[in-house]
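The values are calculated or read from the model by the stated rules, or taken from the named source; none is laboratory data. Here the structure is a predicted model, which means the values were calculated and not measured. In case anyone asks, the SASA skips ligands and DNA or RNA and just uses the protein heavy atoms, side chains included. Shrake-Rupley method; radii C 1.70, N 1.55, O 1.52, S 1.80 Å.
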Amino acid sequence: MTQRVRVLLADDHPLIRTGIRTALCAEPEIELVAEASNGDEAYALALQHRPDVLLLDLNMPGLSPLEIVARLRDEVPSLNVVVLTAFDDDVYVRSLLNAGVKGYILKDEALEAVVQAIHSVVVGGTWFSETIARRLFSQSDCDAFASPAVLSEREKEILRYLLRGMSNQEIAKELGLAEQTVRNYISRIYNKLGVRSRTEAALWAWMHQFNVL
């Protein structure tokens, strides 16, 4: 039997938690390990349960989402954070993505989007609400016409590792390359795709349905 994806849900609205809980419990491949109603609980429960995915509401009392993400990035490095919110300010979205958030879902979307996001991020992918992704993509320098075909097989391989959150050092060790060689590859990848950061690379990958596996 395939190991289930372990999820921690953090939202201060009981009705929203009930709806999401119902959707998750209907999925045989997902296990809801705990629920939090504020930022402090979310942080503490993430340390206690070490889930695969944290569904994190942005507007809760206690620790801020940025504080939670920053702390857990070092303490639970395997954790994938997916944000749930009605708040779609572009600057805040970018701050969260740069901090390591893997998904951003607006609360007016169907519950199926939450399930899809969980399955996407747990295998190294990303997930954005359509409106958020298109707006961020249009504001970036990403080349909308650059397809995966512009990359060599080695560049695709390195991009996959990059999108999974691996550092240059980790990629170099995995592939048996010098760290400087990996940096050179990443620079060429960025130039070919017209991106300047991992965040923009993630947006490009999402918009082009680039397979990170």
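Just the number please: accessible area per residue for the stretch 14-68, 1.4 Å probe, all protein chains included, in Å².
47 Å²
Per-residue Karplus couplings for the stretch 120-125, computed as 6.51 cos²θ - 1.76 cosθ + 1.60 with θ equal to phi - 60°, are listed in order as 6, 6, 6, 9, x, x Hz, Gly and Pro entered as x. Within the accessible surface of the stretch 150-205, defined with a 1.4 Å probe on protein heavy atoms only, the carbon and sulfur portion equals 43 percent. Stokes-Einstein, applied to the Kirkwood radius of the stretch 42-110 over Cα pairs at a viscosity of 0.890 mPa s and 25 °C, places its translational diffusion at 202 µm² s⁻¹. Accessible area per residue for the stretch 146-213 is 51 Å², calculated with a 1.4 Å probe on protein heavy atoms, without ligands, DNA or RNA. Amide H to amide H, with H built 1.01 Å from N, Leu32 comes under 5 Å of Val7, counting only residues 5 or more places away or on other chains.
Taking the chain as a Gaussian network of alpha-carbon nodes connected by springs under 10 Å, the highest mean-square fluctuation of the residues Asn38, Asn59, Asn184 belongs to Asn184.
Computed per residue of the chain from DSSP H runs no shorter than four, each worth -39500 (n - 2.57), the mean residue ellipticity at 222 nm is -15500 deg cm²/dmol. Running Debye on the stretch 19-76 with equal point scatterers at the Cα sites and no solvent, what base-10 log of I(q)/I(0) appears at q = 0.22 Å⁻¹? Values returned for q = 0.22 Å⁻¹ are -0.88.
Can you sort Tyr104, Tyr43 by 1.4 Å-probe accessible area, starting with the largest?
Tyr43, Tyr104
The convex hull built on the alpha-carbon positions of the chain has an orientation-averaged projected area of 11.8 nm².
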